[in-house]
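The values are calculated or read from the model by the stated rules, or taken from the named source; none is laboratory data. Everything quoted here is computed from the prediction, not taken from an experiment. FYI the Cβ positions are ideal-geometry reconstructions off the backbone, even for glycines, and counts take in every protein chain you see. Surface areas here come from the heavy atoms of the whole protein model, side chains and all, with no ligands, DNA or RNA. Shrake-Rupley method; radii C 1.70, N 1.55, O 1.52, S 1.80 Å.
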Amino acid sequence: MREVRALLFDLDNTLMDRDQTFRSFSMKFVQDFLEHLSEKQAVQVVEDMIIRDADGYRDKDGFFAELSEVLPWEKALTAADIRAYYDETYIRHGAMMKHAVETLEYCRDRGYPLGLVTNGGTDIQYGKIDLLGLRGYFRTIVISGEAGISKPDPAIYRLALERLGSTAEQTIFIGDHPVNDIWGAAQSGMDTIWLKRNHAWDESLNVKPVAVIQELDELWGII
């Protein structure tokens, strides 16, 4: 691993526990709009929503349209209704990833400039960041909806590096998605650390992370 002078992090399922966040949102959604269901049925619907969500990589409009069609409504919501509810309430369910705060403080105390690169809508992503109190840790935050570029396009990593005031050779990217985080960051010249969560490694990728971790506090022994 090359000398590290700066760090870039992913947000969803790296610093924010998106699994818990979406589960909490889904439970509240079912409570608010499908209260006629039995407890067992409600649990089944929550699990179905989680599967259909595909870890957040579904197109949101298509996902909401599907929910409008398939959920066991008494009074159906339109896709637009579901979108409005999501936009208004989702960020309230944000949950911090285990060891995220301690890890960010460890990195900051060691003098690393920190940046954040995340795909998503500007309002939703900033809402998560502020709910979790993360903004103050970062010298730069790059959100795809604001930048007009999405991971894994190498241009979004180059933009983050420019704003961070670092080079790819001196920066490590930490994230959970093999393509969007590890492959994409590597295309811009960075070393990477893979936080292994929900996504299996794609053996067809032509890159490898310099380290694989199960929990964020494992970074302390690496950087």
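Highest GNM mean-square fluctuation among GLY175, GLY94, GLY136, for the chain modelled with Cα contacts below 10 Å: GLY136. Electrostatic tally near PHE22: other residues with Cβ closer than 10 Å to its Cβ, Lys and Arg +1, Asp and Glu -1, net -3. Note on exposure: TRP183, TRP194 ranked by accessible area (1.4 Å probe, complete protein assembly) read TRP183, TRP194, with the most exposed listed first. Using only the alpha-carbon atoms of the chain as identical scatterers, what base-10 log of I(q)/I(0) does the Debye formula give at q = 0.18 Å⁻¹? Rounded to two decimals, the profile gives -1.28. Label positions at VAL70 and ARG52, each projected 7 Å from the Cα along the C-beta direction, are separated by 0.6 nm.
Quick one: length gained pulling VAL207 to MET1 fully straight, 0.36 nm per residue minus the C-alpha distance? Walk me through the intermediate numbers first.
Working: separation 206, 0.36 × 206 = 74.16 nm, distance 1.39 nm.
Fully extending the segment from VAL207 to MET1 adds 72.8 nm.
Average 1/r across all pairs of distinct alpha carbons in segment 70-168, invert it, and you get the Kirkwood radius: 15.6 Å.
Given a Förster radius of 30 Å and the C-beta distance between ASP153 and MET27 as r, what FRET efficiency does 1/(1 + (r/R0)^6) yield to the nearest 0.05? Working from the Cβ atoms, E equals 0.30.
Give the dimensionless ratio obtained when the Cα radius of gyration of segment 132-223 is divided by 2.2 N^0.38 Å.
Cα Rg divided by the expected 2.2 N^0.38 Å: 1.07.
Gaussian network model of the chain, Cα springs within a sub-10 Å range: biggest mean-square fluctuation belongs to which of TYR86, TYR157, TYR57? Comparing TYR86, TYR157, TYR57 in a Gaussian network model of the chain, the most mobile one is TYR57.
Please calculate how many Å² of accessible area segment 132-207 carries per residue, with a 1.4 Å probe and no DNA, RNA or ligand atoms counted. Display every interim value, and only then the final one.
On the way: 3110 Å² over 76 residues.
Heavy-atom SASA per residue in segment 132-207 reads 41 Å².
Across ASP181, ASP32, ASP123, mean-square fluctuation computed from a Gaussian network of the chain (C-alpha pairs under 10 Å connected) peaks at ASP32.
The fraction of accessible area contributed by carbon and sulfur in the chain is 47 percent, rounded to a whole number (1.4 Å probe; ligands and nucleic acids excluded).
Only lysines eight or more places from LYS98 in sequence, or on another chain, were considered; those with a Cα closer than 19 Å are LYS128, LYS196. For segment 146-152, the Karplus equation 6.51 cos²θ - 1.76 cosθ + 1.60, evaluated at θ = phi - 60°, returns couplings of 8, 7, x, 9, 10, 4, x Hz by residue, with Gly and Pro reported as x.
Calculate the tail of P(r) for segment 80-124: the fraction of all Cα-Cα distances greater than 16 Å, expressed in %.
Numbers: 587 of 990 pairs.
For segment 80-124, the share of Cα pairs beyond 16 Å comes to 59 percent.
Computed from backbone phi, the HN-Hα couplings of segment 46-54 come to 4, 5, 5, 4, 5, 5, 5, 5, 6 Hz, rounded to whole numbers (Karplus: 6.51 cos²θ - 1.76 cosθ + 1.60, θ = phi - 60°; Gly and Pro given as x). Taking the empirical scaling 2.2 N^0.38 Å for compact globular proteins as reference, segment 1-71 has a Cα radius of gyration ratio of 1.48.
Under 10 °C and 1.306 mPa s, how fast does segment 1-124 diffuse according to Stokes-Einstein, given a Kirkwood radius computed over C-alpha pairs? Answer in µm²/s, whole number.
Numbers: Rh = 16.4 Å.
The calculation lands on 97 µm²/s.
If the chain linking GLN20 and ARG108 were pulled fully straight, counting 0.36 nm for each residue of separation and taking away their Cα-Cα distance, it would gain 29.1 nm. Database remark: amide H of ASP191 closer than 5 angstrom to the amide H of THR171, PHE173 (H placed geometrically; neighbours at sequence offset of 5 or more, or on other chains; Pro and chain starts carry no H).
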